[in-house]
Amino acid sequence: MISVRNHPLQLNGNSMKQILFFLLIFNIAVSNAQDKVADEDDDTKIEVNVPVVNPYAYLDSINYSRKKMYNVAFLLPISVYKISLGDGKERPTSMPQETREVLGFWEGVNIAFAKIKNMNAKFNFHIWDNEKNDTTTANIIEGLPNYKIDAVIAPFHTKQALMVSEYCKNNKIPMFLAQNPSDVPAKNNPYSFKFHVPKNRLFYDYYLKTVTSYADKNTDIFFVFDGLNKSERKVANYLKYMSEKDGSKRLKLLEYSSDLVLKNYLDTTRNSLFMISYYNTATVNEILQKIDNLQPYNVKVFGHNLWSTNSKLNMELLEKLQARVFTDFYYGNNKPLLNEVKSSYSSLTKDNSVSDVFLGYDVAMYVAEVLDRYGIKFPLSLDKYRYNGVVTNVSMKPTYDGKSKLLFFENSTKFLLKATKDGWILEE
């Protein structure tokens, strides 16, 4: 059962416009989800996916503390002041893309309430708008002790996530990084969990898969990146460092521009793998066309994990170029539940269903499920726990540095998908 109070983003809203209306009417600084969501009778009993084998059996001898009531905090960069409310006629509601994605994430959390309220424990979900601002985040952190928080979903941006990580580490509170590709906020914090595998790890894992494969020994590897983007440069430098370390000398870094001539870098006596970090649709399709023009030479493509959710990419070219992606979520993971979440989301808003909604649902279900079954001290021993959500398989794995010091826990589950003209399918 779930207990929630005074929530500005209510589950019973019929559209995103109503959600935004509540955002503007109520003070986002401190608010909790609505009591009526928890307490109203529900004649429809929804089955909760409980594993047949108790995943905590190996820890039954340890005295871990469960609670009857948990407080879970969400610090999200909603930036409500950037939302311009429409009049419902000529002038539509407008907001930055990031705000729309954050609201989608939060609606996924709202959709999870129906199942969470059937758990043994009760939950208070608190939401703060940290406005992607250091001062606002610091003020929220200062007030957190008043709410006896048991778990925190961290801000999506590294700088503010670092501030929250320090607080959680000092107070031994589990913190979850749901939308942050950086390792930094989680390092040296054993109470920190990453739901997404960092992008540099995805590209490096496929790079390693290629250089260690005997079948690909005659393959050169090109990393095509955006030189103006700081995070893209970081991935490029990471790959460069690792390629120098393994001594394969097969990696070539290509900073992309529309006038880049790929053939100038091609050794036509060898095979070629192009790893592409871009996810912008127009740029990706432009790059794919340039690579296709390199035919009849043997070229393949490995791409950004967000390609698997982009229906506007040229799928025929991706299939022709034998494209692959690593992703830590896969839409075919739980189709009945996926359709249920899609249906619930479409009743809330006219927006198309987006991956942020499913991630929000999975994060809420994962955190609530583990707290409900296990208790507040679970972060230290979760490497053997596995959760199968709507689109996410979560298998938390501890990551250590060279001195065997715990860095953080991360989701170690990755799927290798291959492109077909009809969409992405799981690699056999």
### Hey, residue 394 farther than 25 Å from residue 206 by Cβ, buried (at least 16 other Cβ atoms within 10 Å of the Cβ) and touching a helix residue (DSSP H, G or I) at 6+ places or on another chain (Cβ under 6 Å) or not
no
### Members of the stretch 338-359 found to be surrounded by 15 or more Cβ atoms within 10 Å (Cβ to Cβ), assigned to a loop (DSSP other than H, G, I, E, B) and of a type outside the set (S, T, N, Q), listed by number
348, 351, 354
## Note on the structure
Looking across the stretch 236-279 at residues that are of a type in the set (A, V, I, L, M) and touching a residue at least 60 places away in the same chain (Cβ under 8 Å), the single one that is surrounded by the fewest Cβ atoms within 10 Å (Cβ to Cβ) is 273
### Query
Do we find that residue 362 is assigned to a helix (DSSP H, G or I), of a type in the set (Asp, Glu) and closer than 22 Å to residue 119 by Cα in this structure?
yes
#### Entry: Single residue of the stretch 129-140 satisfying the filter (surrounded by fewer than 20 Cβ atoms within 10 Å (Cβ to Cβ) and of a type outside the set (S, T, N, Q)) that is farthest from residue 191 (Cα to Cα)
134
### Task
Scan the stretch 111-128 for residues that are under 23 Å from residue 143 (Cβ atoms) and either among the hydrophobic types (A, V, I, L, M, F, W, C) or under 23 Å from the mean Cα position of the chain (by Cα) (or both) and report the count.
6
### Task
Could you identify the single residue in 309, 281 that is more than 19 Å from residue 257 (Cβ to Cβ) and β-branched (Val, Ile, Thr)?
309
### Test for residue 86: is it in contact with a Phe, Trp or Tyr (Cβ under 6 Å, 6 or more places away or on another chain) and either of a type in the set (S, T, N, Q) or in the same structural domain as residue 129 (by TED's automatic domain parsing) (or both)
no
### Query
Looking at (1) in a strand (DSSP E or B); (2) in the same structural domain as residue 240 (by TED's automatic domain parsing), which is the one condition that is false for residue 204?
(1)
### Message
Here is a check on your reading of the model: is residue 192 in the same structural domain as residue 105 (by TED's automatic domain parsing) and in contact (Cβ under 8 Å) with a residue 40 or more places away in the chain?
### Response
yes
### Unique match (being more than 22 Å from residue 182 (Cα to Cα), modelled with pLDDT under 90 and of a type in the set (Ser, Thr, Tyr)) among 345, 385
385
### Message
On the basis of being farther than 16 Å from residue 412 by Cα and crowded, with 19+ Cβ neighbours inside 10 Å, does residue 225 make the cut?
### Response
yes
### Message
With the requirement that a residue be of a type outside the set (Gly, Ala, Ser) and in contact with a Ser or Thr (Cβ under 7 Å, 6 or more places away or on another chain), what does the stretch 395-405 give you?
### Response
397
### Query
Taking the stated definitions as given, is residue 78 β-branched (Val, Ile, Thr), modelled with pLDDT of 90 or more, within 26 Å of the chain's Cα centre (by Cα) and not in a helix (DSSP H, G or I)?
yes
#### Entry: Pairs where the first residue, in the stretch 126-139, is at positive phi and the second is exposed (fewer than 14 other Cβ atoms within 10 Å of the Cβ), C-beta under 8 Å, 6+ apart
131/81
### Query
Only one of (1) in contact (Cβ under 8 Å) with a residue 40 or more places away in the chain; (2) outside the structural domain of residue 385 (by TED's automatic domain parsing) is not met by residue 187, so which one is it?
(2)
### Message
Can you list residue pairs whose Cβ atoms sit under 8 Å apart, with the first residue in the stretch 83-96 being more than 15 Å from residue 349 (Cβ to Cβ) and the second being of a type outside the set (A, V, I, L, M, F, W, C) and part of a loop (DSSP other than H, G, I, E, B)? Count only pairs 6 or more apart in sequence or on different chains.
### Response
84/93; 96/79
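The values are calculated or read from the model by the stated rules, or taken from the named source; none is laboratory data. Small disclaimer: the values here were computed from a predicted structure and weren't measured. Cβ: placed from backbone, ideal geometry, glycine included. Neighbour counts: every protein chain shown.
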